[in-house]
Amino acid sequence: MNTSGNCTSCDVCANDLNGEVRVGLLVDGQWQDRWYDTSKSGGKFEREKARFRHWVTTDGSPGPTGDAGFEAQSGRYHLYVSMACPWAHRTLVFRSLKGLTGHIGVSVVHPDMLENGWEFRRDDAQHRDHIHGADFLHQIYTRVAPDYTGRVTVPVLWDKKQGAIVSNESADIIRMLNSAFDDLPGVRADLDFYPRELRQDIGEVNERVYDTVNNGVYKAGFATAQAVYEQAYEALFESLDWLDQRLAGQRYLVGNRLTEADWRLFTTLVRFDAVYYSHFKCNRNRLAEFVNLSGYLRDLYQVDGVSGTVDIGQIKRHYYVSQRTVNPTQIVPVGPRLEFSAPHGRESLGPAPL
């Protein structure tokens, strides 16, 4: 099972016609506004795998992929992210919690993603490419691969020293951020969200959560066949029920300590009531109606350094404006009211988060 994640799904936008969803991609280095044909997959949304899978390691030794590693150094690396994208959001959470904000820079794409894919705005300091001054994210890809063919996704971890993309796979990037930079000053080396003794359990939880929840909301939202939508919908809520029950007697998902499994789930949960419930028709229950999951979400949101990585305005703007297949009017809903800072009541279930 592929438990990875990059914001391929957020590249699905524009229009739908006879089972085809309009997307943009690079073909031999040239940007094309093409159609993603879901009729070939029986109406199913299928995520493309990340193409760049290099690793940052403490000393530059080879990483898990076996190729030459990139040495962890302060100021050398830069993240390209979207505040709207749950996959990119993972990397922002880890950057904040691990104390890496002074070591790794960030450029944020604009939430509107239309015919040119992810865009920067040169006159907008919040959505500017601070490294190259690019107008579009696809220009970052073609800087290193002029003949690149494939989707243009966030997050991207950029190496300023070599002028290279280290990775565009969020699952890999968060593990690099978790440990590779621990020798740098001010980094929280005491925080390990992927402890060796829990890795099997973390992997098992990640596998189900990725397939049915993280990616499951997109399977439902981008389905172009009724039966496919219903299958994804049922699998999603079966897993949410399972998670709610799992969290009834323990504060976190694995080993009753914060791990990457919690943060991978968090970035989907925090978007659920604002976007997935209505926009993606995942509407059996609002997350607020799950007693344990809702408290768990508030518990994670209130961890120091996390709330600043959440921008509900950009999240709603991206989904409701960019994905015209699902929301042709592009009207962004005003609600719902979200109470992430309300008491969570989970203190008795386990130790404080950090």
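Bear in mind that the values in this text are calculations on the coordinates, not laboratory data. Since we're looking at a predicted model, the values are computed, not measured. FYI the Cβ positions are ideal-geometry reconstructions off the backbone, even for glycines, and counts take in every protein chain you see.
Summarising the label geometry, the points placed 7 Å from Cα in the beta-carbon direction at Asn256 and Glu204 lie 1.8 nm from one another.
Over every Cα atom in segment 206-354, the radius of gyration and the widest Cα-Cα span, Dmax, amount to 15.3, 46 Å. If you average 1/r over all unlike Cα pairs in the chain and invert the result, what Kirkwood radius do you get in angstrom? For the chain, the Kirkwood estimate is 20.6 Å. With a cut-off of 10 Å between beta carbons, the residues surrounding Met83 carry a summed charge of 0, where Lys and Arg count +1 and Asp and Glu -1. As a length-normalised measure over Cα pairs under 8 Å and 6 or more apart, the relative contact order of segment 87-187 settles at 27 percent.
Where a ≥ b ≥ c are the square roots of the eigenvalues of the C-alpha gyration tensor, would you call segment 141-182 rounded, which needs a/c under 1.5, or, failing that, prolate if a/b is larger than b/c, or oblate? Because a/c hits 1.5 or more and a/b fails to exceed b/c, segment 141-182 counts as oblate. Net charge of the neighbourhood of Phe280, taken over other residues with C-beta under 10 Å away and scored Lys/Arg +1, Asp/Glu -1, is +3. Only lysine pairs 8 or more places apart, or on different chains, with alpha-carbon atoms under 30 angstrom apart are counted in the chain, and they number 19.
For segment 153-221, a Kirkwood hydrodynamic radius built from all Cα pairs, placed in the Stokes-Einstein relation at 25 °C and 0.890 mPa s, yields a translational diffusion coefficient of 171 µm²/s.
Highest mean first, the peptides 182-195, 325-338 sorted by other C-beta atoms within 10 Å per residue fall in the order 182-195, 325-338. Here the label points at Ala125 and Ala352, each 7 Å from Cα along the C-beta direction, are separated by 3.4 nm in the simple model. Relative contact order of the chain: 20 percent, from C-alpha pairs under 8 Å at least 6 residues apart in sequence. By DSSP, the beta bridges lying fully in the chain are antiparallel in about 80 percent of cases.
Local charge for Leu157 was computed over the other residues whose Cβ lies under 10 Å away, with Lys and Arg +1 and Asp and Glu -1, and equals -3. Here segment 45-196 is described by how far its Cα atoms reach on the three principal axes: 43, 33, 31 Å, from widest to narrowest.
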